[in-house]
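This report refers to the structure that appears directly beneath it.
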Amino acid sequence: MVASAEEGSGPAVVLLSEQGEGIATLAGLAHSIAEEDFRVVRIAAESVHDVVGVLDELEVADAWIGGHGYGGTIARLVALEHHDRVNGVILLGVESAETLPALAEGIPVLVVQAAADDVTPPANGESLKESAPGLVSVVTIEGAGHDFPSSHAGETAWAIEDYLDWD
């Protein structure tokens, strides 16, 4: 069984934790987003199948799918393989280009990255934006490292809410 948790109501946002991390690492971020009228589902996913299985179980027809580090890579794969279920992709840091799947055609991407991230450096997000300038937007969190979704949960949540503009 895949670990998951949900809170809030409204348009769905799915958050996938970094590889090797549990869903608790994204709890603060999820709570901040849920307070702004979103239904937030956290999943410790290792595959596209894990994500789609939880979405089916919770009867979530479509969502913004986001992930931290490797979780973002899984989010990109969900968008490629289940295009009709993904409204957009949120990448919390971008893994190096050698490991990344292509972007799903026509699906918007928000990159939220940390200025001092040495695991998923900001240059990765900037390169992604340059490769698809009309599709990819980038927000950088100053003074933050790789654990920014936890250490800077409020700033990260604000960037997501502002981008989605569902107030």
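The values are calculated or read from the model by the stated rules, or taken from the named source; none is laboratory data. What you are looking at is a predicted structure, and each value in this text was computed from that prediction instead of being measured. When we count neighbours, we look across all protein chains shown, and the Cβ atoms used for this are built from the backbone with ideal geometry, even at glycine. In case anyone asks, the SASA skips ligands and DNA or RNA and just uses the protein heavy atoms, side chains included. Shrake-Rupley method; radii C 1.70, N 1.55, O 1.52, S 1.80 Å.
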For the pair residue 97 and residue 49, what calculated FRET efficiency results from E = 1/(1 + (r/R0)^6), where r is the Cβ-Cβ distance and R0 = 22 Å, to the nearest 0.05? 0.35
Using a 1.4 Å probe, what is the accessible area per residue for the chain, in Å²? 44 Å²
Computing the accessible area with a 1.4 Å probe over protein heavy atoms, can you report the carbon and sulfur percentage for the chain? 49 percent
If the viscosity is 1.306 mPa s and the temperature 10 °C, what translational diffusion coefficient in µm²/s does Stokes-Einstein give for region 73-128 when Rh comes from Kirkwood over Cα pairs? 138 µm²/s
Additional length obtainable on full extension of the chain from residue 147 to residue 58, 0.36 nm per residue less Cα span: 29.3 nm
Cα-based convex hull volume of region 1-61 per residue, rounded to whole Å³: 69 Å³
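What percent do you get for the relative contact order of the chain when only Cα pairs under 8 Å and 6+ apart count? Intermediate values should be presented prior to the final figure.
Values: 379 pairs, mean separation 33.5, N = 167.
For the chain, the relative contact order is 20 percent.
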Label-to-label distance, nm, for residues given as residue 139 and residue 9 (7 Å Cα→Cβ offset): 2.5 nm
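Beta carbons within 10 angstrom, averaged per residue: use that to sort the peptides 130-137, 105-112, highest first. Could you put the intermediate results ahead of the total?
Working: 130-137: 13.1, 105-112: 19.2.
Put in order of decreasing packing, that is 105-112, 130-137.
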Over the Cα atoms of region 107-156 the radius of gyration and the largest Cα-Cα distance (Dmax), both in Å, equal 10.8, 30
Based on the mean of other beta carbon atoms within 10 Å per residue, what is the order of 149-158, 87-96, most packed first? 87-96, 149-158
Return the label of the correct value of Kirkwood radius over Cα pairs in Å, as calculated from the structure shown, out of [x] 16.5; [y] 15.2; [z] 18.3. [y]
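Show me the GluC sites (Glu not before Pro) within region 1-57 that DSSP assigns to loop and that have at most 11 other Cβ atoms within 10 Å of their Cβ. Each step should come with its number before you reach the end.
Values: sites: 6, 7, 18, 21, 35, 36, 46, 57; in loops: 18, 21, 35, 36, 46.
Sites meeting the loop and neighbour criteria: none at all.
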Work through the residues other than residue 82 whose Cβ is under 11 Å from its Cβ and net out their charges, Lys, Arg +1 and Asp, Glu -1. -3
With every protein chain left in place, what is the accessible area of residue 9 in Å² (1.4 Å probe, nearest 10)? 80 Å²
Unit charges on C-beta of K, R, D, E only; dipole of the chain, Debye: 220 debye
